[in-house]
Amino acid sequence: GSSSHGKSFFLPGATVATIVMLGALHARRLYDDNKIEGAREKGIEMEFHSDVKASFMGMLPLRSISRFWGFLTGVEFPIWLRPYVYRAWARAFHSNLEEAALPLEEYVSLRDFFVRTLKEGSRPVDSDPCCLVSPVDGTILRFGELKEAGGMIEQVKGFSYSVPKLLGATSFLSMTAEDDTEQKNNEKESSDMDANKKSWWRVSLASPKVRDPAPACPMKGLFYCVIYLKPGDYHRIHSPVDWNVLLRRHFSGRLFPLNERATRTIRNLYVENERVVLEGRWQEGFMAMAAIGATNIGSIELFIEPTLRTNKPQKNILHLEPPEERVYEPDGTGIRMKKGDELAAFNMG
Amino acid sequence: STVVLVFQAPISSPSDFRFCIKKGERIRMGEALGR
């Protein structure tokens, strides 16, 4: 429409072209997503493909965007509007409103609603003393045993990330001789004798199997499990076992999105993003949990350390900074958590 | 957001650790990941 007569609607050619282009891009993305979903249902593994969009994401001020999102979602709604907004959110992201602990009118903002608690009995905790339970509601992305030297977890087919980088390198004692069992036993023995030093939880990732010095004790392996939380999921983190939390590490990092597409296109997503790592000991040995933030859910609140603040404005180059640590174990016991206890929550922004 | 668990567990029978989950499966807080 390059001309108009009377009341006819006028759109410049460039605007039409832009709308058509955006529509085509969106249609292409929907087509790709459908194709990926179909392939996943057939059991075909997705491969890593870095793209222009991923490079562009690296240039965006995602932490500032995240904090602005947090500010927006923290705006208080009038009481009459609250049920409409939260029902719309629940419809869009498949949340179950029946489980919310409070009436919808009592959540003052979307941020408040997002981190809601659940009604008593909504999440029964498996009482088998030999089981390890899920700390969150979510989707299982990966799980298995860390067998390879260096302790790598596959982000997606063709690309892996390092567990020492994810949790903090000081947790692990790298060993060069994979079959040096005696050395491992000595290390374990000496560390058991000196529980007040951090060394007891050091685990070899060069060969992540540790035999307890006592002959009756079984060989131990290192296992991992990666769980992704969608926006509509319950966003509180609970204790997976009875354990003693001995240390907290806060990595101030980027805030890339963590959705399925991002895992296929952004390298080192999990080791570059802002995260809080808790380390400790359970009945079988070492236990660590990393809560990783994303653009929309950028901050992590720890109930065992309410003063911790994450996703703060910072001027330095974030990913080069060492993590900030706090040891909870001055007397060698740390903070005792029971299976199912609330540990932390992901907050918007 | 994502949570990653890393833990030690027995790998020799009879007390070896086994996951009881599947990749892509939905899980809720409190349900068993492994025994």
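The values are calculated or read from the model by the stated rules, or taken from the named source; none is laboratory data. Please read these numbers as outputs of a predicted model, since none were measured by experiment. All Cβ positions, glycine included, derive from the backbone under ideal geometry; neighbour counts span all protein chains shown.
Looking only at residues in region A:216-249 that are surrounded by fewer than 20 Cβ atoms within 10 Å (Cβ to Cβ) and more than 10 Å from chain B (Cβ to nearest Cβ), the one that is nearest to the chain's Cα centre (by Cα) is A:G232.
Starting from residues that are surrounded by 18 or more Cβ atoms within 10 Å (Cβ to Cβ) and of a type in the set (S, T, Y), keep the ones in region B:1-34 and report whichever is nearest to the chain's Cα centre (by Cα). So, considering only residues that are surrounded by 18 or more Cβ atoms within 10 Å (Cβ to Cβ) and of a type in the set (S, T, Y), the one nearest to the chain's Cα centre (by Cα) is B:T2. A Cβ distance below 8 Å, combined with a sequence gap of six or more or placement on separate chains, defines the contacts here; from region A:128-147, residues that are under 13 Å from B:C20 (Cβ atoms) and within 7 Å of chain B (Cβ to nearest Cβ) reach residues that are small (G, A, S) and not in a strand (DSSP E or B) in the pairs A:V133/A:G340; A:V133/B:G30; A:S134/B:G30; A:I140/B:G24. Here is the figure for region B:7-35: residues that are modelled with pLDDT under 95, closer than 20 Å to A:M289 by Cβ and small (G, A, S) total 1. Between A:E329, A:E301, the distinction of being touching a residue at least 12 places away in the same chain (Cβ under 8 Å) and in a strand (DSSP E or B) belongs to A:E301 only. A:V108 meets all of the listed conditions (1) away from chain B (no Cβ under 11 Å); (2) of a type in the set (A, V, I, L, M); (3) within 30 Å of A:W243 (Cα to Cα); (4) surrounded by 14 or more Cβ atoms within 10 Å (Cβ to Cβ) but one, namely (3).
Scanning region A:45-88 for residues that are charged (D, E, K, R), in contact with a strand residue (DSSP E or B) (Cβ under 8 Å, 6 or more places away or on another chain) and part of a helix (DSSP H, G or I) yields one hit, A:R63.
Filtering region A:54-70 for residues that are at pLDDT below 80 and in contact with a Ser or Thr (Cβ under 9 Å, 6 or more places away or on another chain) leaves a non-empty set. Once region A:99-137 is narrowed to residues that are closer than 30 Å to A:E284 by Cα and aliphatic (A, V, I, L, M), the residue that is farthest from the chain's Cα centre (by Cα) is A:V125. If you filter region A:261-298 down to residues that are outside any strand (DSSP E or B) and among the basic types (K, R), you find that the one that is farthest from A:G138 (Cα to Cα) is A:R267. Taken together, the residues in region A:272-296 that are within 8 Å of chain B (Cβ to nearest Cβ), surrounded by 22 or more Cβ atoms within 10 Å (Cβ to Cβ) and closer than 17 Å to A:V327 by Cα amount to 5. Screening A:M57 against (1) within 14 Å of another protein chain (Cβ to nearest Cβ); (2) touching a residue at least 12 places away in the same chain (Cβ under 8 Å) leaves a single unmet condition, (1).
Residues that are modelled with pLDDT of 50 or more and at positive phi: find the strands (runs of 3 or more DSSP E) completely inside region A:109-216 holding 1 or more of those.
Because the criterion is at least 1 residues that are modelled with pLDDT of 50 or more and at positive phi, the strands (runs of 3 or more DSSP E) in region A:109-216 that meet it are A:138-145.
The sole residue among A:G74, A:G70 that is surrounded by fewer than 18 Cβ atoms within 10 Å (Cβ to Cβ) and touching a Gly at 6+ places or on another chain (Cβ under 9 Å) is A:G74.
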